[in-house]
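K.L.:
Please find one structure pasted underneath; my questions will follow.
The values are calculated or read from the model by the stated rules, or taken from the named source; none is laboratory data. All figures in this text were calculated on a predicted structure; none of them were measured in a lab. Ideal geometry is used to build each Cβ from the backbone, glycine not excepted, and the neighbour counts take in all protein chains shown. Heavy atoms of the whole protein, side chains included, go into the accessibility calculation; ligands, DNA and RNA do not. Shrake-Rupley method; radii C 1.70, N 1.55, O 1.52, S 1.80 Å.
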Amino acid sequence: MRSVLSQGRAAVYEEPIGPAGVRLREVPRTEPAPGTVTIAIRASSINHLDLFLAQGLQRDVKPPRVIAADGAGVVEASTTARWKPGDEVVVYPVVCDWECEWCRAGENVRCPHFGVIGEHSDGTACELLHVDERNVFPKPQALSWTEAAAFPLTFLTAWRMLTTRARLRPGEKVLVVGASAGVAVAAIRIARHLGARVFATSRSEDKRKKAVEIGAEAAFDSADFSKAVREATGGGVDVVFEHVGPATMQESMRSLVMGGRIVTCGSTSGPKAEIMMPRLFWGQMDLLGSTMGNASEFQAVLEAIDDGLRPVVDSVHPLGEVQAALQRLDAAEQFGKVVLSV
Ligand SMILES: [Zn+2]
């Protein structure tokens, strides 16, 4: 397994004290290992994972660790024939061994070494990234550097949830809860791209407006949203896109039609949720879990971007202001992705 290495100026998680525990450091440069590509990162973006890491909530990850999963940049050096200096690329944000039975079958998500870049390895918030050539994909030409760093992890995750897992079909209704999170914004954009009707919830009136601006048909306050959803949709939605967990699970289930599907990739309001079992079985519901996605699903996202799918950038901060970028996530001020320019 080839390791991911961050070098040069980098944002390093050093202490579990929140955003202030992530500091800019100079990481020594080394020669790239065979099979790896050296990317001069132009932009990187942060996720809630990075905030959890900085807060010390990912207990299995010990500092120091260079943060961030999402990165786009220019190939500076390559040990393989597949890539050459000057190529513009994005990084598939997954750690895996590429060699096991599952990886060889295209099921990277089932790899025993599966993880996320910037958590289970060094991350993209740096000047130079050494990464396995199989993690490198061409940057979509239509995207700016900022946009190219804004889509990988959230769009990969939301794409797998809505397509492979929930099998969303054109014309179906989907409810995206907690609509300002990066993954939820990705879900709104992807569901619309796939021809679904999209509804959303958020606590903030401003964010409800923004959810409608980027493609939701209507957006509802987070408090007891199921009644409003059932009224607006004539009985409920076919799919609920979940990532909040205990705070919304009951209402999410109440928002579904008979035979509906809940698909979830996270539980930001806590690890344990209560489920009304009769609602699950009487409602013929599917409860689906999902994490990130396969390389083939990343390729499908790239093709959808060529077809017009676009990420949503909240704000851009220089790498040196990574603490302010993390604070923006901590204060839940963002709508879409917080990007670091390198
Ligand atoms: Zn594997």
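K.L.:
Quick one: Cα centre-to-centre distance for the stretch 260-276 and the stretch 115-169, in angstrom?
P.N.:
If we compute the Cα centre of each part, the gap is 24 Å.
K.L.:
In Å², and per residue, what accessible area does the chain have when probed at 1.4 Å with the other protein chains present?
P.N.:
41
K.L.:
Next question. Taking all pairs of different Cα atoms in the stretch 248-342, averaging 1/r and flipping that mean, what Kirkwood radius in angstroms comes out?
P.N.:
16.8
K.L.:
Can you pull the one-decimal nm distance between simple spin-label points at Ala332 and Ala218, each 7 Å off the Cα toward Cβ?
P.N.:
Simple spin-label model gives 2.3 nm for this pair.
K.L.:
With no solvent and one equal point scatterer placed on each C-alpha of the stretch 80-157, evaluate the Debye formula and give log10 I(q)/I(0) for q = 0.12, 0.21, 0.25, 0.26 Å⁻¹, two decimals.
P.N.:
-0.36, -1.10, -1.37, -1.41
K.L.:
Could you work out the equivalent-ellipsoid semi-axes for the stretch 132-187, taking the square root of 5 times each eigenvalue of the Cα gyration tensor, largest first, in whole Å?
P.N.:
Working through the eigenvalues yields semi-axes of 24, 14, 11 Å.
K.L.:
Here is the link list: Lys84/Lys139; Lys209/Lys337; Lys139/Lys337; Lys210/Lys272; Lys139/Lys210. Which ones come out longer than 24 Å on Cα distance?
P.N.:
Lys210/Lys272; Lys139/Lys210
K.L.:
I'm a student and want to see the number: the projected area of the Cα convex hull of the chain, averaged over all directions, in nm².
P.N.:
Mean projected area of the Cα convex hull: 16.1 nm².
K.L.:
Can you give the extra length, in nm with one decimal, that the chain gains between Arg59 and Arg23 once fully stretched, where that is 0.36 nm per residue apart less the Cα-Cα distance?
P.N.:
This chain segment gains 11.0 nm when fully extended.
K.L.:
Relative to the present Cα-Cα distance, how much length would full extension add between Asp286 and Arg82 at 0.36 nm per residue of separation?
P.N.:
Result: 69.3 nm gained on full extension.
K.L.:
Given the DSSP H assignment, sum -39500 (n - 2.57) over each helix run of at least 4 residues in the chain and divide by its residue total; what's the result at 222 nm in deg cm²/dmol, nearest 500?
P.N.:
Roughly -7000 deg cm²/dmol at 222 nm, from the helical runs in the chain.
K.L.:
Arrange the peptides 297-309, 208-220, 184-196 so that the one whose residues have, on average, the most other Cβ atoms within 10 Å appears first.
P.N.:
Taking the mean over residues of other Cβ atoms within 10 Å, the ranking is 184-196, 208-220, 297-309.
K.L.:
How far is it, in nm, from the label point at Lys227 to the one at Glu107 when both lie 7 Å from their Cα along the line to the Cβ?
P.N.:
4.5
K.L.:
Could you please state how large a percent of the accessible area of the chain is carbon and sulfur, counting protein chains only and using a 1.4 Å probe?
P.N.:
Heavy-atom surface of the chain belonging to carbon and sulfur, 1.4 Å probe: 50 percent.
K.L.:
For a bin width of 10 Å, list the pair-distance distribution of the stretch 4-109 built from all Cα-Cα distances, rounded to whole %.
P.N.:
Final binned percentages: 14, 37, 36, 14, 0.
K.L.:
Looking at the P(r) of the stretch 180-269, how many percent of alpha-carbon pairs lie beyond 23 Å?
P.N.:
Within the stretch 180-269, distances greater than 23 Å cover 11 percent of Cα pairs.
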